[in-house]
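These notes concern the structure reproduced below.
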Amino acid sequence: MKSTVSGFLCGGSGGIGSIRWGNLWDNNVMYVKMMTIEEEPKILHIRGEEILLFIHTYGTTGILLEAELPVEDKMEWNQYLLTFPTFQEAVDCCQYLTERENVPLRLLSTCEWPLPQHYKPLISYIDQGSSIVIIESTIMKKTMEKIVESQKGNMSLFIPSEKYQKGLKLSDFTWNHSTLWAHKNGENMTYLQARFDKNNLHSQIDTIKEEYGDEVQLHFEFIKIDEEITPAALPVLQFRSKERIYDIMIFEKTRYSN
């Protein structure tokens, strides 16, 4: 239920906020103080590109003692839960939002039914069979309502910025929280990681669904990579066998590269 800065720098890579600030190594760590793991430990002060040798290494290159991170002015993030009759419409809405420079985003997540059925605290806000989009943005409710209407969706829940971190947090149903909810409420649920081509997204989705149907339940997090917003996937699926998992991985890798 808790995480630390040092734990994330050693074992994390991206997450909530990556659509705005990128991943761990996108100039998001400015300095680290490390203690080496040897008979006579040394204290190292690291800046610049050498930092990449000491983050996301799970402690294998040393013990992290201090870190310096960039910050920016506090922003007021509103939370939105949107529902759509089809996953295609949910994905289209996400792509629409990523193309709007005047829509600051901290989080943009979407998943298809039946994955949302596992989100017990949200289930009363989600119609049976609906795909969902979860957003954190500074834009106001009236503006978002116009966007949602234009995208043929429904705003089923709005949490204003003054209630951020006070009660229900929609971010608790994104990234690998989604996998954990499915694992908790489903049977033998696990997940994969993949990256899609934003210019070929729907055809790649169609290929996966034609092959696997609901066996592979698609879940996207939109993140910034090399200054471009990219659809990354954390598809959830039921574990049947190691061989089946590898068959799906090989299929996805082959299809995604086309």
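The values are calculated or read from the model by the stated rules, or taken from the named source; none is laboratory data. Not measured: the values here are computed from a predicted model. Note that we place each Cβ from the backbone using ideal geometry, even for glycine, and neighbour counts take in every protein chain shown. Side chains are part of the model used for accessible areas, which takes the heavy atoms of the whole protein and leaves out ligands, DNA and RNA. Shrake-Rupley method; radii C 1.70, N 1.55, O 1.52, S 1.80 Å.
Some notes on this structure:
- Residue within segment 237-256 that is basic (Lys, Arg), at negative phi and under 21 Å from the mean Cα position of the chain (by Cα) present: yes
- Residue match in segment 158-166 (condition: more than 25 Å from Gly15 (Cβ to Cβ) and either assigned to a loop (DSSP other than H, G, I, E, B) or of a type outside the set (A, V, I, L, M) (or both)): no
- Put simply, of Asn199, Asn185 the only residue that is touching a helix residue (DSSP H, G or I) at 6+ places or on another chain (Cβ under 7 Å), over 23 Å from Trp21 (Cβ atoms) and loosely packed, with under 14 Cβ neighbours inside 10 Å is Asn185.
- For first residues located in segment 181-197 and touching a residue at least 60 places away in the same chain (Cβ under 8 Å), partners that are open to solvent by less than 50 Å² (accessible area, probe 1.4 Å) and part of a loop (DSSP other than H, G, I, E, B) and lie 6+ apart or on another chain with Cβ distances below 7 Å form the pairs Trp181/Tyr119; Leu192/Pro235; Ala194/Pro235.
- Test: residue in segment 109-120 that is small (Gly, Ala, Ser), modelled with pLDDT of 95 or more, open to solvent by less than 60 Å² (accessible area, probe 1.4 Å) and within 15 Å of the chain's Cα centre (by Cα): yes
- Near pairs, Cβ below 8 angstrom, 6+ apart or cross-chain, from segment 121-146 (over 19 Å from Glu101 (Cα atoms) and at pLDDT 95 or above) to any residue that is assigned to a loop (DSSP other than H, G, I, E, B) and open to solvent by less than 20 Å² (accessible area, probe 1.4 Å): Ile126/Tyr119; Ser131/Glu112; Ile132/Ile126
- Sole exception among (1) under 30 Å from Glu187 (Cα atoms); (2) open to solvent by 10 Å² or more (accessible area, probe 1.4 Å); (3) in a strand (DSSP E or B) for Ile135, by number: (2)
- Scope segment 164-174; condition surrounded by 13 or more Cβ atoms within 10 Å (Cβ to Cβ) and under 16 Å from Leu122 (Cβ atoms); matching residues: Leu168, Lys169, Leu170, Ser171, Asp172, Phe173, Thr174
- Note on segment 40-86: residues that are at pLDDT 95 or above and among the hydroxyl-bearing types (Ser, Thr, Tyr) amount to 3.
- Scope segment 1-12; condition of a type in the set (A, V, I, L, M, F, W, C) and open to solvent by 70 Å² or more (accessible area, probe 1.4 Å); matching residues: Met1, Val5, Phe8
- Residue count for segment 80-103 under the criterion of being open to solvent by 90 Å² or more (accessible area, probe 1.4 Å) and in a helix (DSSP H, G or I): the result is 1.
- Scanning segment 170-190 for residues that are outside any helix (DSSP H, G or I) and modelled with pLDDT under 95 yields Gly186, Glu187, Asn188, Met189, Thr190.
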